[in-house]
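Input: a single structure, listed below in structure tokens.
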Amino acid sequence: MRSPLPMLLVAALALPACEEAAPSAAAPAEGAPSDLPSTGMGMLQPTCDHDAPLDPGPTLPRRLNRFEYDNTVRDLFGEDLGLARDFLAEEESLGFDNNARALQVTPVHAEQFMSGAETLAARAGERMDALLPCDPAEDGDAACLRAFVESFGKRAWRRPLEEAEVDRLVGLYDVALELGGERPLRDAFEMVLEALLQSPHFLYRVEVGEPVPGRPDLRRLTDYELASRLSYLVWRSMPDDTLMAEADAGRLRYPDQLAAQARRMVEDPRARDGLWTFFEQWLEVEEVLHLERDARYYPDWTPEQGEALYEQARRFVDHVAWSPDADLRALFDAPYTFADGDLARTYGLSGASGAAFEETFPDDRLAGVLTLPAVLAATSKPNMTSPIHRGIFVRERLLCTPLPPPPADIVVVPPDPDPNLTTRETFAEHSASDACKGCHQLIDPVGFGFEHFDAVGRWRDVENGHPVDSAATLIGTLDVDGDYSGAAEMGQALADSEHAHRCVALQFFRFANGRGETGVDACTLDRLYTGYVESGYDFGALVAQMATDESFRFRRSGEATP
């Protein structure tokens, strides 16, 4: 049933606001800390005052993004419908699509959430008898609806509903009777679902917390809020029954119990799916699904090849992050990748020949993600490689050292291919001007290290009749300044670099918290990095370290909630 919009809004908006309701979640509070693009080397060499009182940093309202919405709907209803794939795409901030400041609700979002709720309610109405926890014929319509509101509402809102909330929703049965429809219980059932699924308690990860004695500036997250924070960190979805049972028992507030649940969830296969989104966005792998190549230069490129390269990247990351002997240093220097027979032939790889993806034989030209074709293609232009984009990728994504924007009076026009020059020679001329070379000396000498790989990631020794020169230089780093013969040697240096692995921890912090780092996060970042290194560069341990960090269990008092 498509309920009248005014009635639905009344039902949804009548639900009580959060205790600390501040400015609307669609517009961050005045004076709220802003995301920083980065504090550069400062957060890669954090100065932690171990004697300072805990400050968990800014805690901003976090709406479910499209991926989390679809996952939550799947786990709520048992159907993978993918409704949110048609929703308005999120704006990325700091490379990720789950940044709290970017997840505002526009009128378009509100319309899409309403439409999604109506679709889900109508589908659920068709199997209402299977979803109701009781028999209306025996228990009565209103009593059965109440039981459904209490059980399903707890799962949808990730906490038990208060009695007044239950009463308001069950009151929709009286509304259905007044409307005079032939199926008042089903009409009320669908209206309840529409109200539940449009509420901020469903669309946001609501975190109000509890007072902390002696710390009016701090609030401790409740067991249910911790369950949600943990499940959306590891699985990017709602808590499962086991986690909710722990919250019911009041055990998640104890660090050892929270740590046990974090370890359980990291070991669950759902963690691989949920956290792949971290890698695909951090490493820009998803871009390969939308690439176009200039057919004059790359006539064999097809969308299907982009899909194959995406799958290759996922197989590789899955192996180095989640295998029993996982060591994330291999992300930078692994001399192997994964391929099926077609990719192996296209990219000159040995060890794979069939339809299935297999680990390739060692190849000294390869160095983890630095030489993944998906990454190399995503950081190229349609008609040629781009030392600039590849250099920026290393600087910003792998070393967390952002570059200032070009001066406002500089018009950046990348060069076109010159059939008489190599790409290196073309860009060397382009970047030689006084206005450009200041920044480009940090970028181009890094990007030149990838010149043995063309704009679709294939190896080449010759370009336009000239030998390829892949000599590279890194400057301005903590510990990897120097000259390199190419991407493979650079990757080997990054694998053992404190700078690179502090960047891994920093990037995961940004993803996990949905915001950029600030000065008060220094201790958290230092603990993350230290625990990650002590674990043997185990990505699962990094996730668990974030989930059990002291800052994970608290929020600042007085900040906005939905």
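Every read-out reported here was derived from the displayed coordinates using simple, explicitly stated rules and does not represent laboratory data. Computed from a predicted model, the values in this text were never measured in an experiment. Using ideal geometry, Cβ is built from the backbone for each residue, glycine included, and neighbour counts are taken over all protein chains shown.
Over the range 269-346, what lengths in whole Å, largest first, do the semi-axes of the equivalent ellipsoid take, defined as the square roots of 5 times the eigenvalues of the alpha-carbon gyration tensor?
Details: eigenvalues 129, 43, 23 Å².
For the range 269-346, the semi-axes come out at 25, 15, 11 Å.
Here r is the Cβ-Cβ distance between Asp461 and Cys48 and R0 is 45 Å; the resulting FRET efficiency, rounded to 0.05, is 0.40.
For the chain, adding -39500 (n - 2.57) for each run of n ≥ 4 DSSP H residues and dividing by the number of residues yields -14000 deg cm²/dmol at 222 nm. For the chain, the relative contact order is 21 percent, taking Cα pairs closer than 8 Å that sit 6 or more residues apart in sequence and dividing their mean separation by the residue count.
Here the range 436-509 and the range 162-225 have alpha carbon centers that stand 52 Å from each other. Take the alpha carbon atoms of the range 89-103, find their center, do the same for the range 346-417, and report the distance between the two centers in whole angstrom. Answer, in whole Å: 23.
Where Lys and Arg each count +1 and Asp and Glu each count -1, what net charge lies around Pro417 among other residues with Cβ under 10 Å from its Cβ? Let's see the in-between values first.
Working: positive: Arg296, Lys381; negative: Asp294, Asp416, Asp418, Glu463.
In short, -2.
On a 0 to 90° scale, report how tilted helix 539-548 is relative to the longest principal axis of the chain, with both axes built from alpha carbons and the result rounded to the nearest 10. Relative to the chain, helix 539-548 is tipped by roughly 40 degrees. Its alpha carbons considered, the chain gives a radius of gyration followed by a Dmax of 26.2, 85 Å. Between Tyr204 and Leu64, the built amide H atoms are under 5 Å apart, and every one of these is 5 or more places off in sequence or on another chain. Per the Cα gyration tensor, the range 113-244 maps to an equivalent ellipsoid with semi-axes of 31, 16, 14 Å, ordered largest to smallest.
For Trp301, Trp282, Trp235, what's the fewest-to-most ordering of other Cβ within 10 Å of each Cβ?
Details: Trp301 18, Trp282 21, Trp235 25.
Neighbour counts put them in this order, fewest first: Trp301, Trp282, Trp235.
Once the range 330-495 is represented by equal point scatterers at the alpha-carbon sites, with solvent omitted, what log10 I(q)/I(0) does the Debye formula produce at q = 0.15, 0.20 Å⁻¹? For the requested q values the scattering log ratios are -0.82, -1.34. Principal-axis analysis of the Cα atoms of the chain puts helix 66-77 at an angle of about 40° to the longest axis.
The mean sequence separation of alpha-carbon pairs under 8 Å and at least six residues apart, normalised by the residue count of the range 278-334, gives a relative contact order of 26 percent.
Modelled label positions at Ala356 and Asp325, each set 7 Å beyond Cα in the direction of Cβ, lie 2.1 nm from each other.
Contact order, relative form, for the range 330-495: 25 percent (alpha carbon pairs under 8 Å, 6 or more residues apart, mean separation divided by residue count). Listed peptides 374-380, 179-185, 168-174 appear in the order 374-380, 168-174, 179-185 once ranked by packing, highest mean of other Cβ atoms within 10 Å at the front.
Order 142-153, 357-368 from most to least packed using the mean count of other Cβ atoms within 10 Å. It would help to have the intermediate numbers written out before the result.
On the way: 142-153: 19.7, 357-368: 17.4.
Most protected by this proxy first, the peptides run 142-153, 357-368.
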